[in-house]
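The structure appears below as structure tokens.
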Amino acid sequence: MTDIDIDQYKVTEEPYYKPVGNEVELFEAAYHSARMPIMLKGPTGCGKSRFVEYMAWKLKKRLITVACNEDMTASDLVGRFLLDPSGTTWQDGPLTTAARIGAICYLDEIVEARQDTTVIIHPLTDHRRTLPLDKKGELVQAHPDFQLVISYNPGYQNLMKDLKQSTKQRFGSLDFYYPDAETEAEIVAHESGVDPATAAKLVQVGHRGRNLKGHGLDEGISTRLLIYAGQLIAKGIDPKAACMMALVSPITDDADMRDTLNASVATYF
């Protein structure tokens, strides 16, 4: 393992996170119960990543996040040999680093990775808690503080992009969805800087958009997008223009659907 600054993985400031249920207590219990692997399921932009960051801060553990993609190989996760002037040097990947130093490793949108890549996490998610580095001929025993957390959006996946049952059944699961209107408005106001009344209007627009999921929209308007719109409005941008840029254009190119969403915006602004 090459020398690394493990303090870079500390969450030094408390992230803003407003619980919507008992997810904090459940995650804490899972962590303290043999570092149970956890799977977070929910739509895009509903707070899964912020939740993991918050829990790492609350538990005072380091956090290593990996944004999974279809080109990600097993070597991208566990590590590889690199050439240098003295020959070859092994460089740990993020999963191996987390296992060694006892960090929480968060694999975001795990189903985007190839299935032959995701199977390498299996030995870390049962009683073995080990990670074989076949290329190096080493078996890494996970640090007692190590925990694996994965996330994905089950409503957006198809049969070609889903986790195998052999993977799913290695995790405890927490379901996420967008908060209730009052809580979401509080989050939008806090994160964007708009007043509570404007935040409440944005949330109503978001609810209108979510009702169209499956009726012309593949995905609803996320809390993240509502915050983006709020940030634009807080900077003096006209609310309708802000909503068009942050809420309508990103989620659809269909002219009729855009007209429908813009009509919802006009209802509140």
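Read-outs throughout are calculated quantities, based only on the coordinates presented, and are distinct from any laboratory measurement. From a predicted model like this one, the values you see are computed outputs, not experimental measurements. Note that we place each Cβ from the backbone using ideal geometry, even for glycine, and neighbour counts take in every protein chain shown.
If you take every DSSP beta bridge whose two residues both sit in the chain, what share of them, in percent to the nearest 5, is antiparallel? Close to 35 percent.
Couplings 3J(HN,Hα) of the range 31-47, computed from phi: 5, 6, 9, 6, 6, 3, x, 10, 10, 9, 10, x, x, 4, x, 9, x Hz, in residue order, whole Hz [Karplus 6.51 cos²θ - 1.76 cosθ + 1.60, θ = phi - 60°; x for Gly and Pro]. Counted without the sites themselves, the longest stretch of the chain free of GluC sites (Glu not before Pro) in a DSSP loop having at most 15 other beta carbon atoms within 10 Å is 71-269. Counting charges near A189 (Lys, Arg +1; Asp, Glu -1) among other residues having Cβ under 13 Å from its Cβ returns a value of -3.
With neighbour counts taken as other beta-carbon atoms within 10 Å, the residues H207, H215 rank, fewest first, as H215, H207.
Beyond 15 Å, what percent of the Cα pairs of the range 181-268 remain?
Values: 1902 of 3828 pairs.
Beyond 15 Å sits 50 percent of the P(r) for the range 181-268.
Above 28 Å, the calculated P(r) of the chain contains 43 percent of its Cα-Cα pairs. Summing +1 for each Lys or Arg and -1 for each Asp or Glu among the other residues whose beta-carbon sits under 15 angstrom from that of Y17 gives -4. Each Lys or Arg adds one and each Asp or Glu subtracts one; over the other residues with Cβ under 12 Å from the Cβ of A234, this totals -1.
Only aspartates and glutamates eight or more places from K61 in sequence, or on another chain, were considered; those with a Cα closer than 15 Å are D5, D7, E13, E14, E28, E53, D145.
Loop-resident chymotrypsin sites (Phe, Trp or Tyr not before Pro) (DSSP state other than H, G, I, E or B) in the range 8-103 with no more than 13 further Cβ atoms inside 10 Å of their Cβ: Y16. Exposure proxy ranking for V11, V188, based on other Cβ atoms within 10 angstrom of each Cβ and starting from the fewest, stands as V11, V188.
Restricting the trypsin sites (Lys or Arg not before Pro) of the range 166-269 to loop positions (DSSP other than H, G, I, E, B) with no more than 11 neighbouring Cβ atoms within 10 Å leaves K235.
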